[in-house]
Amino acid sequence: MGVVGDGEDNWRYTPKELSWLLFNERVLQEAADQSVPIIQRVRYLGIFSSNLDEFFRVRVADVKRLVDFSSGSKKDECTELLDNIMSRVHQLQEAYDKTYQAILKELRKRKIYLINEVQLNNQQSGFVRAYFESKVLPELSPIMLSQKKKFPFLKEGSIYFAVKIVFKKRINYSVLEIPSNRLGRFIALPSRSKGRERVFITLDNIIRHCLKDVFLGALPIDSIEAYTIKITRDAELEIGEGISESLMEKMSASLKRRSKGAPVRFVYDAGIPEDLLEFLTKKQGLRKKDSLIAGARYHNSKDFMAFPNPGAPYLELKPLPPIPYPDLDKKQNLFDCIKDQDCLLYYPYNSFSYIISWLRAAAIDPAVSAIKINLYRVSSSSRVVDSLISAVENGKKVTVVVELQARFDEEANINWAERMTEAGVHVIFGVPGLKIHSKMLLIKRVENGVPRLYSHIGTGNFNEKTAKLYTDFSLLSYNQEVGRDVEKVFDFIQFAHRRYEFKHLLVSPFSNRSGILQLIESEKKQALKGKSSGVFIKCNNLVDKELIDALYEAGRAGVSIKLIVRGMCSLIPGVEGMSENIKAISIVDRYLEHPRIFSFHNAGKPLYYISSADLMTRNLDHRVEVSCPVYDKKLQKKIQLILDAQWSDCVKARVIDERQINTMSPRGNRKKIRSQEYIHKLLRREVKVE
């Protein structure tokens, strides 16, 4: 199967949408893995569900638009792809349901129970009724439905009950939003015995237990039933071209339209009566291609991400403590540390607090004159932003590039932009038509009367929260030539009409594509001469056709190519005559693997780049992205150590190949290595932490 619209060569590529579903299957495998602590398995169910929601909002919505607006063979291709997607989604949903039941069984073995409304004893029933009357009932606002009235708008991200009420054979329908966003989804109940059991019930089932009370006094009732429904909407934003509106005004208006986007998925309880389902779909104008999916009794399983641990610590993954970075700890002045040598932080093994400390120091250092930074996604209570505002209050010139089109963070970024503007920060929104996805920080400091540049180039966002959950790199450098390149990127963002030459950085949309292609080509030429060669790439997604073709050609020339791709991989490794010299794995474990690393043998003088860019057309051609060389030999050794450890993973690594079945990386006679934990041990040993 191939990339939509690529004609006769389709067999050479896996469609990115199907490849993404393979990634989410790997997440589900973690939920099914009995060696994973049980509460963590529950949370993997939540991650799987949350991922699938976004997949429909973004990927499926894109394909549906292609179906609607294409014609001829292109329309046929898109329709076939949509059918394949839905077939695979149904398979995954069946696997999810089996995994969910297996997890419930495992929870029961540990005396942790998630019960429904018919399993309550008298004491619990009384507790539920009291909780319902005091907490839940005031939050409920049922809407009665009829053939004549317009169907109410169902919000994206919420779950609803579709209610069927019968009195003397007369049928009434209603919809009722379940207020889990305000009350939480899981409520602890009194134990049913004197043992150490822990019992939970979902908010849905509390409402089911007291369902008649919701309509008490409004309708006579012989029987009443409730079935969960959920709608997923297209997340695409439409930004108008009107020159009279500011970008923030356009984004705000577009966000309001997004909340009312076209449906791309309607999930319903498989037990729903046929008449109620027909009424719901007809009144909403839903069609078969709008992805009508029969599910189990519960939806919005993303709430499992917040499932509480009611028991012992061993029910979750044991935390890995942050590792100190001695080169940044040995002096009080962080600028002196960075001046001595480049530093490479690796989150969450190292703490993001080093960046916060650096920004705080810059905010009060009399020698610092200016700070420039890209903000794509920040924490909800950002100490990064606090430090930037502090710098302004201390007389520094602070420029912040805020990306208003960071998907699903647009509203938060608008609010941050307004707050910083009010504080006196110079806020800019980047280049029309290009997302600013680079992860840069530039601090200008006057030393002995001479302006000096301190640079940060990273693979992840300036976000304290995700730095504890995602693996990422931050390179801190005093290299003045690199600093001038970083300064040029900021200048381009502000003055896009000018053209810039970059000496060290590879920058999208100018030189990232051509630079990476040239580096691959150099390895191919070495292989054709019979010399040693090699390419090692770690990224989140690899779907760009030109890059894939270059890797295919290099592999056929004899270049050994290793790929670690977390998510979408359209390249098909291990195919005789096309990619037999290419091997690929994907790692899913406690941390989300997020760094992008490009490594090249380079005739025995290896080149290493860290990057904000995935190998996707959008990142190479339609965003501002930065790939930065790592020159320090000590840091190069550290990167290679990490890559080698991950390539050796035989516990959490899956093989990516033409079979597309997510088999675990074979162990053979190899030592049992779980790379994330193994890397933690290696880095601790490196800094002599016992």
Under a crude label model (7 Å from the Cα following the beta-carbon direction), how far is Ala312 from Lys529 in nanometres? 6.2
Largest first, please: the extent of the C-alpha atoms of region 355-402 along each principal axis, to the nearest Å. 29, 19, 16
Note down the magnitude of the dipole of the chain about its Cα centre, charges +1 on Lys and Arg C-beta and -1 on Asp and Glu C-beta and zero elsewhere, to the nearest 20 debye. 1620
Along principal axes, Cα extents of region 64-119, largest first, whole Å: 58, 20, 13
Relative contact order of region 14-110, defined on C-alpha pairs under 8 angstrom at six or more residues apart (%): 34
If you keep only loop residues by DSSP, which GluC sites (Glu not before Pro) in region 546-648 have at most 11 other Cβ atoms within 10 Å of their Cβ? Glu576
Taking 0.36 nm per residue of separation between Lys74 and Asn602 and subtracting their Cα-Cα distance, the length gained on full extension comes to 185.9 nm
Nearest 0.05, what FRET efficiency do Ala361 and Lys465 give at R0 = 22 Å with Cβ-Cβ as r? 0.50
Let me see the pair-distance distribution of the chain: every alpha carbon pair, 20 Å bin width, integer percents in order. 16, 47, 32, 6, 0
So what's Rg/Rh here for region 14-110, counting alpha carbon atoms and using the Kirkwood radius for Rh? 1.10
Taking the dipole of region 507-686 about the Cα centre (Lys, Arg +1; Asp, Glu -1; charges at Cβ), the one of Ala613, Gly668, Tyr552 that reaches farthest to the positive side is Gly668
With +1 on each Lys and Arg Cβ and -1 on each Asp and Glu Cβ, how big is the dipole of region 507-686 about its Cα centre, in debye rounded to the nearest 20? 900
The answer for the longest stretch of the chain without any exposed chymotrypsin sites (Phe, Trp or Tyr not before Pro) (DSSP loop, at most 15 further Cβ atoms within 10 Å) is 154-407
On the formula 1/(1 + (r/R0)^6), with r taken between the Cβ atoms of Arg108 and Asp644 and R0 of 35 Å, the FRET efficiency rounded to 0.05 is 0.25
Would you calculate the separation in nanometres between label points at Glu686 and Lys397, each defined as 7 Å from the Cα along the Cα-to-beta-carbon direction? 3.7
On a full-extension model of 0.36 nm per residue, what is the gain between Lys155 and Asp222, subtracting their alpha-carbon distance, rounded to one decimal in nm? 21.1 nm
For Glu658 and Arg498, extending 7 Å from Cα along the Cα-Cβ vector and measuring point to point gives, in nm, a value of 5.2
Given a Förster distance of 22 Å, report the FRET efficiency between Glu546 and Trp11 from their Cβ-Cβ distance, rounded to the nearest 0.05. 0.80
Final fewest-first order of Arg484, Arg26, Arg196 on the 10 Å Cβ neighbour count is Arg196, Arg484, Arg26
Rounded to the nearest 20 debye, what is the charge dipole size of region 131-227 about its Cα centre when +1 sits on each Lys and Arg Cβ and -1 on each Asp and Glu Cβ? 160
Tell me the net charge near Arg170. Cut-off is 12 Å between Cβ atoms, Arg170 excluded, with +1 for each Lys or Arg and -1 for each Asp or Glu. +2
At 0.36 nm per residue, minus the direct Cα-Cα distance, what do Asp97 and Lys148 gain on full extension? Give it in nm, one decimal, please. 14.6 nm
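Over the chain, what is the relative contact order in percent, taking alpha-carbon pairs closer than 8 angstrom and at least six residues apart? Can you show the working numbers first?
Details: 1261 pairs, mean separation 77.8, N = 690.
Value for the chain: 11 percent.
Each value in this text was obtained by applying a stated rule to the coordinates, not by laboratory testing. As the structure is a prediction and not an experimental result, all values here were calculated from the model. Cβ: placed from backbone, ideal geometry, glycine included. Neighbour counts: every protein chain shown.
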